[in-house]
């Protein structure tokens, strides 16, 4: 082999080495085994109502907002953000002040008006352990995954972790991780009050109870359903809601609507002694995100996908 050939071979071999090192350095972390890669996102100019319709259509509790050119993430919107906008929290000020209480005008505002900015993301090289910890520490239910150029390449949610990893939680029970400070409402509670209460307390679901007339002094409550932020959003985007609006002001109508019109009836329940793995199987089978915990016919807590995420973080 002459000197020229030798130099060419060495150059080729070195380039191959560099390519392999680059590829290895940019490999995916194991979190990518759980990531949804065909991410549906919307640009910041999409209207609030169109974004809400997209979320209900795909049964999303959150949707990333991305730059249509670079695909970099600009923000994220959750069902709770939209409930805050529709009357439950500070984002209602857009309707009240910017749009002079004109509900129909406000829902056509761009989604960038209510999106959460400064979104926490994880690199595609992250591990499952790192991602779970970041989600628990930051109290978020989903983590957008980006590449080396900060382009959105996927998203992973607490549900993804709960369904994939809860099988390893063979000893943990519901009572180890459930929230015991449970708040319930009755079917006669107004939609206006319910929405505000959920947003102010960061509750994505509330059990619905009625007093058991056969119990002494009406001390025992019987669960008859559950209402989630998605249930309320679905009701809001339903054309039936708009058909009831004979004025531009929505606040009066929200006060008139009872939660019995919105709630899901006959909620699934678990007991405190239920294994977390069995609870996760129930979530998967029924396509739900959380259930009330019942003991001796009383609601003693609530358990959700996020609680499973906390258990995984502790394991």
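Taken together, the values in this text are just the output of simple stated rules run on the coordinates, not laboratory data. Please read these numbers as outputs of a predicted model, since none were measured by experiment. Every residue, glycine as well, gets a Cβ built from its backbone with ideal geometry; the counts of neighbours run over all protein chains shown.
Brief remarks on what is shown
- Residue 315/residue 255 FRET efficiency (R0 45 Å; Cβ-Cβ; nearest 0.05): 0.50
- In this simple spin-label model, placing a label point 7 Å from the Cα along the Cα-to-Cβ direction at both residue 59 and residue 147 gives a separation of 3.0 nm.
- Neighbour-count ranking [beta-carbon atoms within 10 angstrom, fewest first] of 184, 273: 273, 184
- Note on residue 238 and residue 180: their simple-model spin labels are 3.7 nm apart, each label 7 Å out from Cα toward Cβ.
- Among beta bridges that DSSP assigns inside the stretch 101-219, antiparallel share in %, nearest 5: 60 percent
- Distance between modelled label sites at residue 33 and residue 117, nm, 7 Å Cα→Cβ extension: 3.9 nm
- Residue exposure proxy: 222, 159, ordered by other Cβ atoms within 10 angstrom of their Cβ from fewest to most, comes out as 222, 159.
- Applying 1/(1 + (r/R0)^6) with R0 = 41 Å to the Cβ-Cβ distance of residue 210 and residue 104 gives a FRET efficiency near 0.70.
- Semi-axis lengths, Å, the stretch 25-106, gyration tensor of Cα atoms, sqrt of 5 times eigenvalues: 30, 13, 11
- Computed FRET value (nearest 0.05) for residue 281 with residue 90, which takes r as the C-beta separation and R₀ as 51 Å: 0.85
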